[in-house]
Amino acid sequence: MTRPAAVALLALLATAARAGDPGAARDASADPIAGQLRALVAELDRDHASPRALVPLVELEALEDEVPDLARVALVYARLAEDREAHPEVRAYARFRLADLERARGNLRRSEAELAKLAFVGGWQLAGPFDNEGKHGFDHAFPPERAQDLAARFPGKAREVGWRELPPEALSLGFAHLGAALRPARDVVVYALAVVDAPREERVRLHVGASGALKVFVNGALVHADPSYHMARFDQGAVAFTLRKGPNRILLKLCQADGRLGFYARLATARGEPLRLGAARLPPLPPPQRASPEPPEPVPGVLAALEDRAKAARGVEAAQAHMDLAIALYERRPGEDRERRAAAEARRAVELAPKSAAARLLAARVEEDGNRRRAHLEAALEAHPGDAMVLTALAQLEEQRGRLAP
């Protein structure tokens, strides 16, 4: 199945479980894409001030390749990006989607303007790659972790390495594509260093999304550690800490297994609004951080809110709450190597609503095991004989398995 077909299927199946209005149902039967778009816009109008608004946003992204008029989708993103009542992460994601969509439409200046509003950190210096065979690198402090001397040289994974600037062409839609600048890019540890100049001492948030496991150091102090391996996504996690007045060094340690090597990193105020800070000159580097009166702390974001909602939901709302969480997890933390949480939440939704075609379709979509996917689809077909979406999903599964002639 192609990615557009797969994500469109995910979008269609998730909303099918909701109690839609009759008008939307009629639209869906006449024009499924138009009906889906109307339903998602209605959801965003209803939930715009809730963390749950991330879910229809993810579904709207999935429809982009199918919608004939992308200007309407861009308008929806723009409206939510400027909505002061919306959750800061939801607003940021809407702006991120808007930047991507404008680039796809050929509006490059508009895309760059939207990206600039998100306050991605720039001016990165890279050191590495170092060895991460067996994923041992997360707990091993390589030389750049102990001191950042930009003139130093170190023994790397394949050769001697030092610090180098990440070239501008390796940045795309806020993603720092380290694999475009460093080789090898599998089973490696890479350090990325940036220095930002703060006009005053200020409590800030750093939103990050990195491939593989991640550690974040600010002025020499560890402020964030995520040992799980997954693909990089926008705003996967956030940590709050205090920047001192003047230059501050932010050091990221990426521990990569495979896939696209890189990260997203953007700064925000304590209230979650994007914060643009100038880059300090290199060298010299600022001295180590003194003890802060406020220790670093993780920022509970949209995922945490959806998790709390799923735990508290009862009755008919419970299955939908777990489906929403599964969709958000599938977007924010795909391929996670520990709990496979998106699939677990989708299975929970199936347990709560075993005859729901939408729950079964979602569970089949996020499952990696082909036999489990087929079992979900067959159960959906048994409960809903002749359902077009279920039949389509079964056909796509057969195509994936190579059982249909090309």
Once amide H atoms are placed 1.01 Å from N in the peptide plane, what residues at a sequence separation of 5 or more from residue 259, or on another chain, have their amide H within under 5 Å of its amide H? none
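What's the local net charge at residue 241, with K and R +1, D and E -1, over the other residues with C-beta under 12 Å away?
Here the count lands on -1.
How much of the accessible area of the chain, probe 1.4 Å, is carbon plus sulfur, in whole percent? All intermediate terms of the calculation are to be shown ahead of the outcome.
On the way: 9520 of 18530 Å².
The C+S portion of the solvent-accessible surface of the chain is 51 percent.
Based solely on its DSSP helices, what 222 nm [θ] is calculated for the chain when runs of n ≥ 4 H residues each add -39,500 (n - 2.57) and the sum is averaged over all residues, nearest 500 deg cm²/dmol? Don't jump to the answer; show the numbers that get you there.
Numbers: 14 runs with 169 residues, N = 406.
Result for the chain: -13000 deg cm²/dmol, rounded to the nearest 500.
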Roughly speaking, what is the centre-to-centre gap between the range 154-199 and the range 99-153 when only Cα atoms are used, to the nearest Å? 6
On a full-extension model of 0.36 nm per residue, what is the gain between residue 382 and residue 46, subtracting their alpha-carbon distance, rounded to one decimal in nm? 117.6 nm
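Are there trypsin sites (Lys or Arg not before Pro) in the range 299-406 that DSSP marks as loop and that have at most 16 other Cβ atoms within 10 Å, and which are they?
Numbers: sites: 309, 311, 314, 332, 338, 340, 341, 347, 348, 355, 360, 365, 372, 373, 374, 401, 403; in loops: 314, 338, 340, 355, 401, 403.
Sparse-neighbourhood loop trypsin sites (Lys or Arg not before Pro): 314, 338, 355, 401, 403.
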Say a paramagnetic label sat at a point 7 Å from the Cα of residue 200, along Cα to Cβ; which residues of the range 263-281 have their backbone N under 18 Å from it? 268-278
Pairs of lysine residues in the chain - Cα separation under 20 Å, sequence separation of 8 or more or cross-chain: 6
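Determine the sum of side-chain charges near residue 264: Lys and Arg each +1, Asp and Glu each -1, restricted to other residues whose C-beta is under 15 angstrom from that of residue 264.
On the way: positive: 95, 97, 117, 205, 233, 260, 266, 332, 333; negative: 89, 100, 114, 226, 235, 331.
Summing Lys and Arg as +1 and Asp and Glu as -1 gives +3.
Averaging sequence separations of C-alpha pairs under 8 Å and six or more residues apart, then dividing by the length of the chain, give the relative contact order as a whole percent. Intermediate values should be presented prior to the final figure.
Working: 754 pairs, mean separation 61.5, N = 406.
The normalised contact order for the chain reaches 15 percent.
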Got a number for the accessible area of residue 398? Probe 1.4 Å, square angstrom, nearest 10. 40
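For residue 136 and residue 69, what does the FRET efficiency come to when R0 = 41 Å and r is the distance between their Cβ atoms, rounded to the nearest 0.05? Before the final figure, lay out each step's value.
On the way: r = 51 Å, r/R0 = 1.25.
Once rounded, the FRET efficiency stands at 0.20.
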If you roll a 1.4 Å probe over the heavy atoms of the protein chains, what accessible area per residue do you get for the chain, in Å²? 46
With every protein chain in place, what's the accessible area of residue 327 (1.4 Å probe, Å², nearest 10)? 0
For residue 368 the rounded accessible area (nearest 10 Å², probe 1.4 Å, non-protein molecules ignored) is 130
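The values are calculated or read from the model by the stated rules, or taken from the named source; none is laboratory data. In this text, all values refer to a predicted model and were calculated from it rather than measured experimentally. Every residue, glycine as well, gets a Cβ built from its backbone with ideal geometry; the counts of neighbours run over all protein chains shown. Ligands, DNA and RNA are excluded from the accessible area calculation, which covers all protein heavy atoms including side chains. Shrake-Rupley method; radii C 1.70, N 1.55, O 1.52, S 1.80 Å.
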